[in-house]
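Written below as structure tokens is the structure these notes are about.
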Amino acid sequence: MINFIWLFLIVSGVMAAGATGQVDRITTSLTDQAAVATNLIMGMAGIMVFWMGMMNIAAKSGLMQVFARLLRPMVMRLFPDVPPDHPAAGSILLNISANFLGLGNAATPLGLNAMQELQKLNPDKDTASPAMCTFLALNTSSVTLIPATVVALRAAAGSTSPADIVAPTFVATVVAAATAVVLDRYFRRKLSGKGRGGRR
């Protein structure tokens, strides 16, 4: 769907430029914005390499596993349908820990693996299970300690204090995660109540 939206925007823009006699502005914009994109990427490269390197060192030193162990008692309470010794539990904990440390490249495969393992526990293969919905909510609103990408974007854009976003991002993601958990609990109770009412 997103491809059709982009195609529509591009085609409509070209048609509007042609109708108003401003086709030359398309060429100028393409050249200028290509230069802006290149400068932005080059500016981001250094800071991204630094933060990702630091976070990978933390992961390889076992810090991610330490976080996973600390989070296990709290997180597994959110997944009562997942056996503590099931592979899904390990993937969920490592995904949350990777997101916390800003390791998006490590969090993605862990998240996909967690969903695959949760699907194995899902009795209805055509519908997302409550555990899958809970994990998606947590993964989307994951608490992040170091938002490396945002810091890099701010640095590339010329911010004098690109790391000032760290504390607000941490607070915002904590609030988002707490909201996701509260809503997840609410809808779980609501749906389970409907299920009990239907069985009566």
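The values are calculated or read from the model by the stated rules, or taken from the named source; none is laboratory data. Computed from a prediction, not measured in an experiment: that's the story for all the values here. Here the Cβ positions follow ideal geometry from the backbone for every residue, glycine too, while neighbour counts run over all protein chains shown.
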Next on the checklist: Looking at (1) crowded, with 16+ Cβ neighbours inside 10 Å; (2) under 14 Å from the mean Cα position of the chain (by Cα); (3) in a helix (DSSP H, G or I), which one does P109 not meet, given that it meets all the others?
Outcome noted: (1)
Checklist entry - Which of (1) buried (at least 18 other Cβ atoms within 10 Å of the Cβ); (2) assigned to a loop (DSSP other than H, G, I, E, B); (3) hydroxyl-bearing (S, T, Y) does T169 not meet, given it meets every other one? => result (2)
Next on the checklist: Quick check on V143: is it among the aliphatic types (A, V, I, L, M), free of Cβ contacts under 8 Å to residues at least 12 places away in the same chain and within 22 Å of L78 (Cβ to Cβ)?
Outcome noted: no
Item to check | Positions within the range 135-187 being in contact with a helix residue (DSSP H, G or I) (Cβ under 7 Å, 6 or more places away or on another chain) and among the charged types (D, E, K, R), in sequence order | outcome: R154, D184
Next on the checklist: Return the residues of the range 131-140 that are surrounded by fewer than 19 Cβ atoms within 10 Å (Cβ to Cβ) and touching a residue at least 40 places away in the same chain (Cβ under 8 Å); say none if nothing qualifies.
Outcome noted: C133, T140
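Quick one: which residue in L145, L103 is under 17 Å from A68 (Cα atoms) and crowded, with 17+ Cβ neighbours inside 10 Å? Outline the logic, then answer.
Working: L145 fails: crowded, with 17+ Cβ neighbours inside 10 Å.
So the residue among L145, L103 that is under 17 Å from A68 (Cα atoms) and crowded, with 17+ Cβ neighbours inside 10 Å is L103.
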Checklist entry - Of all the residues that make up the range 113-149, how many are in a helix (DSSP H, G or I), modelled with pLDDT of 80 or more and over 12 Å from the mean Cα position of the chain (by Cα)? => result 14
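Of the residues I92, I96, only one is crowded, with 23+ Cβ neighbours inside 10 Å and either of a type in the set (K, R) or under 18 Å from A148 (Cβ atoms) (or both); which? Before the answer, list the steps.
Details: I92 fails: either of a type in the set (K, R) or under 18 Å from A148 (Cβ atoms) (or both).
Answer to the selection: I96.
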Next on the checklist: Being modelled with pLDDT under 90, of a type in the set (G, A, S) and part of a helix (DSSP H, G or I): is that true of G193 here?
Outcome noted: yes
